[in-house]
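So the structure is just underneath, and the comments pick up after that.
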Amino acid sequence: MKRTLVLALAFPVLLLVLAEFSGSESASASAFHHPAELAFLKKHWPQLIRQEGHFPLTDPTGALPIDSNILFPTSRTCSGCHGLDSTGLALVTSSGQDVNIYDDWRSTMMANSARDPFWRAKVTHEILVNPSHSLELQDKCTSCHAPAGHYQAKLKRKQTHYTLYEMYADTLGLDGVTCQACHAQAPNQLGSLHSGELYFDTNYIRVAYGPYDVPFVPPMRDFVGITPLYGAHMGDAGLCAGCHTLITNTVDLSGAFTGGTFIEQATYHEWLNSRYDDDHGNITCQGCHIPQLLDEIIISANYQFLTPQFPFGVHELAGANVTMLELMKANLDKLGIPATEAQFDSTIAATLRMLQQKTLDLELVPRILDGDTAYFDLKLVNKAGHKFPSGYPARRAWVEFEVKNASGETVFHSGRYDPEFRIQDEDANFEPHYDVINHPEQVQIYEMVPGDVAGNFTNVLERGAFPLKDNRLVPQGFLRSDPVYDTTQIIGRAGTDADFNLDGSGTEGSGSDVLHFHIPINGYTGTFSVSAKIWYQSLPPKWMDPMFAVSTPEIDSFRVMFDAADRSPVLIGTVSLEDLPVSPVSTKAAVRPAIAIVPTFTSDGRVRVVVPSGTRLAGVRAWNAAGQLVWEGNDSEVRLPVRRGVYFVEALTSHGRAVVKVVVH
């Protein structure tokens, strides 16, 4: 059957490719596929795309032709050309790696945003708290989690509200952040919209904007009813702004609107207030979350004559929510998710790479190791283009710091968690930000804490009145003087911390924090072994407790999944120092100079590794943003590709490891 398809296409290709390849609509009068060919493909298309790993089409006519009443086709409609190519010719790298768009996308949080059981449970929790706001809450939440269904209802059916329960029966709504939710967004108002407001030009809604300036029009136009167009804005971070900036209206504890607002998340604005924005490095959201490959790749199956395109954006859309991905993988049938466990494994692996390789740099330095106290500095540098953690305010990261003596006994331990994955020493309302930690009950938690009108922590977003704390690590280049600082503020003690986002000279924009640990020696003479671990948690029990105290079908269903899930926090990184001699007798301070990788901004790709005296350089490696190794050697002089982008340089030495993000501009 596949061979028949190729033969059926070959002859008209030779005759018409020159007329049609420009992609202009003026050429549409002379059809690319003749009537007999269209009839053949309409009859056999569903069977042709039932390939291994793909779910069968339930509609006997398949995706052909698309109903003219539908503004947004489902992602499955796109899978025939942008899914797995059984011939192995399209959507594969030069090394044979399958990078087809549909399979990479469908196990992501974006693809499953409408099926996310925590989101469903949380919406119903908000409704229980303020039932009179039910329709407005559902309509607002579905605008980002089910945008195609939501905007189909608004633009086509002129509905006032689009609810959860309508979404449950709507194939389009259940498709989550589907292909056209992004690729049909018009360039107008880009970056100026927020809170689920997305702009679709209804005069040109049946188009798919892409990054290539000469798209091949006929197959998508003939079989899907969508015309591909070049859209430079598909690489613009503003494309993400409509959903990744969310401002809610505040209510008091009785449910009455106060007239105030609460910034639930402002990831796009955090990026604007960074060195990666348009005015500086111009490393957009897509640059990290849809990493580009430089391979020449044919982007459509069944049309092998197409000119390969590059660069190619890998639609892995990795974020940070490993816990939810694992939970959904374990409940594919219950949630009706049309993806395989293997596909989820791939997305989970990409998410772990994002968290563990592209998020933080850590450095642990011993200072004074004698007298009554041992002093250590832990430096954390944010490598993300926004705050870390970012997004939904439940997400947080914390530092676990442990010191053991020569006998292996723990003499200091901050940041412990119990079998329920609760931080044991966390304050009841919220843990403050620390510059110095000198007691085990003090825990550094990087988070944004929503507060209600009474000044107490709340997990009810409508009750969010102001943040009680926001000490999340800001991106490099972050400034209080930036025009968007009003939506990205540092709140609480971090605002007066002399090491928070400040370099040694007091200049803003370091994107780092230095945490000082003062460990009592208590008369001990011997050695200390010290470790610092950074943990990430997307679904803290503290956030779950108020919701699990009430009941809806969605909450009850999620509770069962949550209780059975692996809720372990994700280890982002760890640094350790072994066998450090300590003594209660004061001597000269012990200071170990840091490893330096400079510069971090370069135009020619040249980077130098500087190691202190007495330290041996064992090796240097560098990766691009897609995780591909681009340099490996033992020399201190590194040559990165002279191509604009983000690279990660790792130096292995006799005294530890350092990893630094380098931007080639």
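Overview of values
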quantity: Test result for Ser132, under 30 Å from Val460 (Cα atoms), at pLDDT 55 or above, crowded, with 23+ Cβ neighbours inside 10 Å and of a type outside the set (A, V, I, L, M, F, W, C); calculated: no
quantity: Flag if Thr496 is free of Cβ contacts under 8 Å to residues at least 12 places away in the same chain and either more than 25 Å from the chain's Cα centre (by Cα) or not assigned by TED's automatic domain parsing to the domain that holds Asn382 (or both); calculated: yes
quantity: Selection within the stretch 564-584 - in a loop (DSSP other than H, G, I, E, B), buried (at least 17 other Cβ atoms within 10 Å of the Cβ) and touching a strand residue (DSSP E or B) at 6+ places or on another chain (Cβ under 8 Å); calculated: Pro569
quantity: Looking only at the stretch 465-476, and only at residues there that are more than 20 Å from the chain's Cα centre (by Cα) and not aliphatic (A, V, I, L, M), the one that is farthest from Tyr434 (Cα to Cα); calculated: Phe466
quantity: Every residue from the stretch 150-163 that is touching a residue at least 60 places away in the same chain (Cβ under 8 Å) and either crowded, with 17+ Cβ neighbours inside 10 Å or not aliphatic (A, V, I, L, M) (or both); calculated: Tyr151, Gln152, Lys156
quantity: Count of residues meeting criterion [within 17 Å of His516 (Cβ to Cβ) and β-branched (Val, Ile, Thr)] in the stretch 409-454; calculated: 4
quantity: The stretch 511-548, residues that are hydroxyl-bearing (Ser, Thr, Tyr) and in a strand (DSSP E or B); calculated: Ser512, Thr527, Ser529, Ser531, Tyr536
quantity: The stretch 165-188 residues that are farther than 24 Å from Gly238 by Cα and of a type in the set (A, V, I, L, M, F, W, C), paired with ones that are at pLDDT 95 or above and not in a helix (DSSP H, G or I) (beta carbon under 7 Å, 6 or more apart); calculated: Met167/Ala114; Met167/Ala146; Leu174/Ala114; Leu174/Arg115
quantity: Filter result for the condition that a residue is outside the structural domain of Lys379 (by TED's automatic domain parsing) and closer than 30 Å to Ile368 by Cα, over Val642, Val611; calculated: Val611
quantity: Answer residue from the stretch 354-378, given it is surrounded by fewer than 17 Cβ atoms within 10 Å (Cβ to Cβ) and acidic (Asp, Glu) and is modelled with the highest pLDDT among those; calculated: Asp377
quantity: Selected residue [surrounded by fewer than 21 Cβ atoms within 10 Å (Cβ to Cβ) and part of a helix (DSSP H, G or I)] from Asp486, Asp499, Asp482; calculated: Asp486
quantity: Residue match in the stretch 594-615 (condition: at pLDDT below 80, of a type outside the set (Phe, Trp, Tyr) and closer than 18 Å to Lys379 by Cβ); calculated: yes
quantity: Identity of the residue in the stretch 421-449, out of contact with any Lys or Arg (no Cβ under 8 Å at 6 or more places or on another chain) and part of a strand (DSSP E or B), that ends up farthest from Glu402 (Cα to Cα); calculated: Val436
quantity: Any hit, the stretch 189-196, residues being surrounded by fewer than 18 Cβ atoms within 10 Å (Cβ to Cβ), out of contact with any strand residue (DSSP E or B) (no Cβ under 7 Å at 6 or more places or on another chain) and closer than 30 Å to Asn459 by Cβ; calculated: yes
quantity: Matching residues in the stretch 340-396 - criterion: being in contact with a Leu (Cβ under 7 Å, 6 or more places away or on another chain) and either closer than 17 Å to His315 by Cβ or assigned to a loop (DSSP other than H, G, I, E, B) (or both); calculated: Phe344, Thr347, Ile348, Thr351, Leu369, Lys383, Lys387, Ala394
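The values are calculated or read from the model by the stated rules, or taken from the named source; none is laboratory data. Everything numeric here is computed off the predicted structure, so don't read it as measured data. Neighbour counts are summed over all protein chains in view; Cβ atoms, including those assigned to glycine, are modelled from backbone coordinates with ideal geometry.
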